[in-house]
Amino acid sequence: MFRVRSSCKTQLEIEAPVSKVRDFFRNLSNFTDLLGGVDNIRRESGGIARWTIATDTPVGRVRLSLPVRETSPRADVIEWSPAINENQNLLRYQLKFEERNGATLVRVSQQVELRRNRAWDLHPGVGLMGEARLSAALERRINEAIETFLSRVKEKLESDDAGTKRAS
């Protein structure tokens with residue numbers, strides 16, 4: 001079995017109330033608006049959210065569909081895990097929120113695993129790269145996309161919160 005894996009763990013502090021930050025991340029359209037590579041997120045029956053991702057890789061453009069289900073264990077956590085019976089495109093991400101003196105600490109954890117019987121089932125050029133090299137390239141791209149996304153989120157929420165405070 002050919003597997004490509006990537007993971008990312010990071011955190012950031014946003015100068016905004018935890019309820020506002022949590023609500024922002026619960027709205028899936030914010031991911032399509034601000035996270036590069038996310039073409040679409042569509043809600044389906046059975047509580048499934050299907051993420052459509054398109055990204056350039058060293059071997060060409062790859063477009064994937066990643067079905068996930070919400071598995072949040074607590075109110076201060078947003079967690080999405082692979083849909084039941086999904087065995088090829090696995091996405092798991094978790095956001096934990098912690099209030100800190102009027103600000104919100106967000107801990108982000110994401111794992112992606114793409115599984116195929118053969119490398120060329122993922123993309124015709126993948127067999128030339130190998131699992132390790134493609135995983136490293138995927139991880140680098142995902143980490144860059146997440147860091148850019150989080151800086152955009154921080155800027156948006158902090159500017160929205162500053163405007164709200166000035167208006168009151």
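Observations on the structure shown:
- Efficiency of FRET from Cβ geometry, residue 29 and residue 74, R₀ 25 Å, rounded to 0.05: 0.60
- Carbon and sulfur %, accessible surface of the chain computed with the full protein complex present, 1.4 Å: 45
- Taking label positions 7 Å along the Cα-Cβ direction at both residue 120 and residue 42, the computed distance is 2.9 nm, reported to one decimal.
- A helix-only calculation puts the chain at -10500 deg cm²/dmol for mean residue ellipticity at 222 nm, using -39500 (n - 2.57) for each DSSP H run of at least four residues, averaged over all residues.
- Using C-alpha pairs under 8 Å with a sequence gap of at least 6, the mean separation divided by the residue count of the chain gives a relative contact order of 31 percent.
- Total lysine pairs under 17 Å (Cα atoms) in the chain, excluding pairs fewer than 8 apart on one chain: 9
- Calculated from backbone phi, Karplus (6.51, -1.76, 1.60) coupling profile of region 76-92 in Hz, x at Gly/Pro: 8, 9, 10, 9, 10, 10, x, 4, 4, 6, 7, 10, 10, 10, 9, 10, 9
- Within-11-Å neighbourhood charge of residue 91 [Cβ basis; K, R +1; D, E -1]: +1
- Summing charges over all other residues whose Cβ lies under 15 Å from the Cβ of residue 134, with Lys and Arg as +1 and Asp and Glu as -1, gives +4.
- Remark on residue 39: its backbone amide H falls under 5 Å from those of 52, 53, 54, a criterion applied only to residues 5 or more positions apart or on other chains, H modelled at 1.01 Å from N.
- Sequence-separation-based contact order of region 75-168, relative, with Cα cut under 8 Å and 6+ spacing, percent: 16
The values are calculated or read from the model by the stated rules, or taken from the named source; none is laboratory data. As the structure is a computational prediction, the values presented were derived from the model and not from experiment. With ideal geometry, Cβ positions are generated from the backbone for all residues, glycine too; neighbour counts draw on all protein chains shown. Just so you know, the surface numbers come from the protein's heavy atoms only, side chains and all, with ligands and any DNA or RNA stripped out. Shrake-Rupley method; radii C 1.70, N 1.55, O 1.52, S 1.80 Å.
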